[in-house]
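Undergrad: A single structure is presented below for examination.
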Amino acid sequence: MNCDPTAHAEIVTLRRLGLKESRIKFDDCTLYVTLQPCKMCTSACIWAGMNRIVYGASRQDVHSMYFDAKHIDPINLIHIDPINLLKDADTKSISIGGGVLASECVPLYYHPQDHLPREAQINIQS
């Protein structure tokens, strides 16, 4: 089991890509994900110099449990003054778009009232 609160799909993908490619900048890459990235993952993609993020389901399409109660909408990170937000990041633009196959992505996520099978609880320690 992976008891890592940062082990979101985007972060895991960036780590694996970095190891495979032996680099930390991916300005020639687009990241495709099933769910609108959280602010941590969006920031990581900005740090990695990604060109674009394309997601399926939005925060409105799934339950709010997948997002912080007090949040900055990740899409707004590209509109905030990057000097103040991410002082050392490469501040080139990143394109973020969503809704791609959203109806296929939504069923991949559980709601609080759903019975979550033990094997689906990947961040729970055995």
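Undergrad: Among the residues of the range 25-35, write down those that are closer than 13 Å to S95 by Cα and not β-branched (V, I, T).
TA: The answer is D27, D28, C29, L31, Y32.
Undergrad: Tell me yes or no: at least one residue of the range 23-38 is outside any loop (DSSP other than H, G, I, E, B) and at pLDDT below 90.
TA: yes
Undergrad: Taking only the range 40-63 into account, find how many residues are open to solvent by 50 Å² or more (accessible area, probe 1.4 Å) and either small (G, A, S) or out of contact with any Asp or Glu (no Cβ under 7 Å at 6 or more places or on another chain) (or both).
TA: Residues in the range 40-63 being open to solvent by 50 Å² or more (accessible area, probe 1.4 Å) and either small (G, A, S) or out of contact with any Asp or Glu (no Cβ under 7 Å at 6 or more places or on another chain) (or both): 6 in total.
Undergrad: Here's a follow-up. Just one of the numbered conditions (1) out of contact with any Leu (no Cβ under 7 Å at 6 or more places or on another chain); (2) at pLDDT below 90; (3) not small (G, A, S) is not true of V62; which one?
TA: For V62, the exception is condition (1).
Undergrad: Residue by residue through the range 4-18, note down the ones that are open to solvent by less than 50 Å² (accessible area, probe 1.4 Å), closer than 13 Å to M40 by Cα and not small (G, A, S). Before you say what the answer is, go through the steps one by one.
TA: Within the range 4-18, the subset open to solvent by less than 50 Å² (accessible area, probe 1.4 Å) is 4, 6-7, 10-12, 14, 17-18.
Checking which are closer than 13 Å to M40 by Cα leaves us with 6-7, 10-12, 14.
Listed by number, the residues that qualify are T6, E10, I11, V12, L14.
The values are calculated or read from the model by the stated rules, or taken from the named source; none is laboratory data. Small disclaimer: the values here were computed from a predicted structure and weren't measured. Counting neighbours? That spans all protein chains shown, and the Cβs are built from the backbone with ideal geometry, glycine included. For accessibility, only protein heavy atoms count, side chains too; no ligands or nucleic acids. Shrake-Rupley method; radii C 1.70, N 1.55, O 1.52, S 1.80 Å.
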